[in-house]
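Below is one structure, written out as structure tokens, with a few remarks after it.
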Amino acid sequence: MFECKIENTKNVILTLTGDESNFQIYNIQGLNPPKAIINNSKVAGLDGSKFNSSKLEERNIVIYIKLNGDIEKNRIRLYSFFPTKEWCKFYYKNESRDVYAEGYVETVEVTPFTNNEIMQVSIICLNPYFKSMEEIVDDISKTLAAFEFPFAINISEPIPISTIDTSKVTNVYNDSETETGVIIEINILADINSLQINNVSSGDIFKLNYTFKEDDKVIINTNKGEKSIVLIRNGITSNIFTAIAKSSTFFQLSVGDNLFSYLADGGVSDDLIHIVFKHYTLYRGV
């Protein structure tokens, strides 16, 4: 059993399964891993060829829908969810995976004047990977909870509410079938002048030299094709790309374990920031 839904440009979602009196999906193409493009070159004296690079083509999802009930009414209704050239979001759920893919409607083909009217919809997804519905959130901050119950009131020593782990290294686990980018959200709790995030696993760093103020929020997006860094201060969003140090690398999460740590003002202000990593699990097919 599977469930299929579509979301249109107005963010209205229509479930295409479970209502066979109106719509009946009898085939969906493009759910398998997409085709790879292998770039190679011939080398004199070498049998075969030499590998240069490889990439995945965009995903092409084709949905075949049999129109039932009031066919004309249902056909017009589907036109509003599949406007050609416009954005849409395709949701798919089976017993193993609950995912979605975003794309643009390429064609809508209909077979009118037939007893079994069929609609064929082609969606081009520029990002070939399916994304998990659930966003993975990892807190890499160094403030550790230390308040436990029960506790005694008449004591000579104060009770710590939290502690700072100056050596904490956080593991961000990527359960995807490929490496993926990450959204890094940083809340500034007091004024600082520099921030460095360390990918302990790869040795890469991402450093910002900037005068951050209390209550600032920084959002770093390392997803390919979407790389950005913005500062939100007093409700105003601004681009601070120029604050990135030259030695910085936009992190990609490798498949499996990824160890991260950070330094604020060289390590003396680590308790003055709060950092959260967010990413989605990516799949080649369902």
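The values are calculated or read from the model by the stated rules, or taken from the named source; none is laboratory data. Values in this document were obtained by computation on a predicted structure and should not be read as measured data. Heads up, the Cβs are rebuilt from the backbone with ideal geometry, glycines too, and the neighbour counts pull from every protein chain shown. The area values use the complete protein model at the heavy-atom level, side chains included, leaving out ligands, DNA and RNA. Shrake-Rupley method; radii C 1.70, N 1.55, O 1.52, S 1.80 Å.
If the reach is capped at under 21 angstrom between alpha carbons, list the lysines near residue 5, excluding any in the same chain fewer than eight residues apart.
66, 73, 85, 89, 93, 131
Taking the Cα centre of the chain as origin, work out the dipole magnitude from +1 charges on Lys and Arg Cβ and -1 charges on Asp and Glu Cβ, in debye rounded to 20.
1060
Residue by residue through segment 211-223, which ³J(HN,Hα) values in whole Hz follow from phi under the Karplus form 6.51 cos²θ - 1.76 cosθ + 1.60 (θ = phi - 60°), with glycine and proline marked x?
My calculation for segment 211-223 gives 8, 8, 10, 4, 6, 5, 10, 10, 10, 10, 10, 9, 5 Hz in order.
Dividing the Cα convex hull volume of the chain by residue count, how many Å³ per residue is that?
236
Choose one of 79, 178, 49: the residue whose Cα lies farthest towards the positive end of the charge dipole of the chain (beta-carbon charges +1 Lys, Arg; -1 Asp, Glu; about the Cα centre).
49
Sort out for me the Cα centre separation of segment 239-263 from segment 1-65, rounded to whole Å.
First find each Cα centre; the distance between them is then 30 Å.
Compute the whole-percent fraction of alpha carbon pairs in segment 53-149 spaced more than 15 Å apart.
Summing the P(r) tail past 15 Å for segment 53-149 gives 71 percent.
Report ³J(HN,Hα) in whole Hz for each residue of segment 257-267, in order, from the Karplus equation J = 6.51 cos²θ - 1.76 cosθ + 1.60 where θ = phi - 60°; Gly and Pro get x.
Listing the rounded values in order: 7, 9, 9, 10, 9, 8, 9, 10, 6, x, x Hz.
For the chain, set up a GNM with springs between Cα atoms under 10 Å and report which of 211, 170, 84 has the largest fluctuation.
In this elastic network of the chain, the residue with the biggest mean-square fluctuation among 211, 170, 84 is 211.
Need the list of lysines near residue 246 for cross-linking: C-alpha distance under 20 angstrom, and skip anything on the same chain fewer than eight residues off.
Reachable lysines: 207, 224, 227.
What number, rounded to the nearest 500 deg cm²/dmol, is the helix-based mean residue ellipticity at 222 nm of the chain, given -39500 (n - 2.57) per DSSP H run of at least four residues and division by all its residues?
My calculation for the chain gives -1000 deg cm²/dmol from helical runs alone.
Convert each backbone phi in segment 180-191 into a coupling constant with the Karplus relation 6.51 cos²θ - 1.76 cosθ + 1.60 (shift: θ = phi - 60°), then list the ³J(HN,Hα) values in order as whole Hz, x for Gly and Pro.
8, x, 8, 9, 10, 10, 10, 9, 8, 8, 7, 4
Leaving out ligands and nucleic acids, note down the accessible area per residue over the chain with a 1.4 angstrom probe, in whole Å².
That works out to 57 Å² per residue.
Given an 8 Å cut-off on Cα distances and at least 6 residues of separation, report the relative contact order of segment 155-286 as a percent.
Worked out over segment 155-286, it gives 38 percent.
For the chain, what relative contact order do you get, as a whole percent, if you take Cα pairs closer than 8 Å and at least 6 residues apart?
Relative contact order of the chain: 19 percent.
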